[in-house]
Amino acid sequence: MTSSDVLKSIADTLEARREASSQTSYVASLFHKGEDAILKKVAEEAAETLMASKDGNKLQIVRETADLWFHTMVLLAWHGLRPEDVLMELHRREGISGLDEKASRPPKP
């Protein structure tokens, strides 16, 4: 199974769990709690990833990054997006200088 297959499979599962019982599915419980609960989990997992990096524990970095990616995928699903949308954006940026790409963005209000 390729990396993109894994992401697609997880995204499919997230979509299926959206309407599941919050009593039997962790993902369904996040969806039922709403966007703020999902955002809180993404922030929590991002902080744990940063702390794992500071500790230098490579296995913990991988595990926390997996948690962060997973919860970010829940956030994407909340908005009706899939990992393929992010992969297409990364593909669009491939070969473009990061400085040039950032300069091409409209200014933030």
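The values are calculated or read from the model by the stated rules, or taken from the named source; none is laboratory data. Since this is a predicted model, take the numbers as computed values, not measurements. With ideal geometry, Cβ positions are generated from the backbone for all residues, glycine too; neighbour counts draw on all protein chains shown.
The table below lists the values:
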read-out: Top-ranked residue in the stretch 29-50 [being over 13 Å from the mean Cα position of the chain (by Cα) and acidic (Asp, Glu); ranked as nearest to Leu14 (Cα to Cα)]; value: Glu35
read-out: Residue among Ala77, Ala52, Ala47 that is touching a residue at least 40 places away in the same chain (Cβ under 8 Å) and part of a helix (DSSP H, G or I); value: Ala77
read-out: Among the candidates Ser22, Ser53, residue that is modelled with pLDDT under 95 and over 12 Å from the mean Cα position of the chain (by Cα); value: Ser22
read-out: Selection within the stretch 5-29 - hydroxyl-bearing (Ser, Thr, Tyr) and surrounded by 17 or more Cβ atoms within 10 Å (Cβ to Cβ); value: Ser25
read-out: Residue count, the stretch 1-44 (criterion: of a type in the set (Lys, Arg), assigned to a helix (DSSP H, G or I) and in contact (Cβ under 8 Å) with a residue 12 or more places away in the chain); value: 3
read-out: When residues of the stretch 92-101 are limited to those that are surrounded by 10 or more Cβ atoms within 10 Å (Cβ to Cβ) and assigned to a helix (DSSP H, G or I), the one modelled with the lowest pLDDT; value: Glu101
